[in-house]
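Notes follow the structure.
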Amino acid sequence: HVGVGTVLILSGLAKKMLIANYLATELVDPVFFDPTAVSALDLLIGVYGYAIQIYCDFSGYSDIAIGVAALLGYRFLENFNQPYRASSLQDFWRRWHISLSTWLRDYLYKPLGGNRQGEARTYRNLFLTMFLGGIWHGAAWTFVFWGTFHGAMLGIERYVRRRLDEFAPPNGEAGGVASAIGHGAQHIVGVVWTFHLVCFAWIFFRADSFSTAGSYLAGFARWSDPSQYATPFLVGLIALAMLFQFTPRDLGRWLAQGLQWLPSPILGLILGGGIWLIWAVAPEGVAPFIYFQF
């Protein structure tokens, strides 16, 4: 428990204070403040940055809470599971904010009938569940759009997948290297497509109004304008954070297993020294956790 708690607390603080806070202050906040004043490249990097910021902000806060609980002898389930490696929106919602998505599934989607009452009602239930999930985040039309967009795309994704399955060869007839390459390419395309669908919806989630979101989207026509924010540091920070989405899932557990054999005083020094180092390197000021407003 101590090793797990140490790893989770330090990783959570690093996500929040070193990645989320830097991206918020140096990129996301200024880009979303006035999308008309920046180039299309800045807008693209800005929404990528917000995707990483909100993930690191919320998963970092979750990691810290779960880590503190582990130090006290309690075990809580993970709340995020590398969501940006998802190859579909359905997969994304199995990985993102797992406590909320599980609650929506168990207390909204299933009571509405789930997928047990025919295709039409399944699509309706998906849409209503995500629509209500959007309202849960706030009584603003941008949140409503965010929820309804996810609900609509989940329905479209389900419909397309079921239609494609009708043309798939029976089990056992497909195989070989060519089939494996095809499945691999399909998976990569799915990951890229899903990430950009999620990023599109994040624009409305982050924007303070439909007008701001509209200005943001319209700005993607300004590719000839010079970039202000495509610095090596910010691009590298986003790339590094995305890289960790594709590391082995058990990496944290391996680190925790390596720490559990250390004496308690050494673990205390590692935890205290890690917290001090993160605090020293982090940007000045305190950026509140995004999800504290919901």
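Some notes on this structure:
- The mean sequence distance of close C-alpha pairs (under 8 Å, at least 6 residues apart), as a share of the length of the chain, puts its relative contact order at 34 percent.
- Separation of the range 4-82 and the range 133-149, taken as the distance between their Cα centroids, equals 21 angstrom.
- For the chain, excluding the exposed loop sites themselves (trypsin sites (Lys or Arg not before Pro), DSSP loop, at most 13 other Cβ atoms within 10 Å), the longest remaining stretch covers 117-248.
- Projected label distance in nm at I275 and A239, using a 7 Å step from Cα toward the beta-carbon: 3.4 nm
- With a cut-off of 12 Å on the backbone N, the residues of the range 72-94 near the modelled label site 7 Å out from N115 along Cα-Cβ are 90-91.
- Charge tally in the Cβ shell below 15 Å around R158, where Lys, Arg are +1 and Asp, Glu are -1, R158 excluded: +3
- Here R124 and Q257 are evaluated by their C-beta separation; at R0 = 41 Å the FRET efficiency comes out at 0.30.
- Span-like helix check, the chain: qualifying full DSSP H segments, with Cα axial length of 20 Å or more and mean Kyte-Doolittle of 0.0 or more, are 40-71, 119-137, 176-206, 264-281.
- Dipole magnitude of the chain, debye to nearest 20 (Cβ charges: Lys/Arg +1, Asp/Glu -1, about Cα centre): 860 debye
- Extension gain for L132 to F246 (0.36 nm times residue separation, less C-alpha to C-alpha distance): 38.0 nm.
- Look at the dipole of the range 33-158 built from charges on Cβ: of A37, Y50, M130, the Cα furthest out on the positive end belongs to M130.
Quick note: the coordinates plus some simple rules give every number you see, no bench work behind them. The shown structure was predicted, so the numbers you read here are calculated from the model rather than taken from an experiment. Using ideal geometry, Cβ is built from the backbone for each residue, glycine included, and neighbour counts are taken over all protein chains shown.
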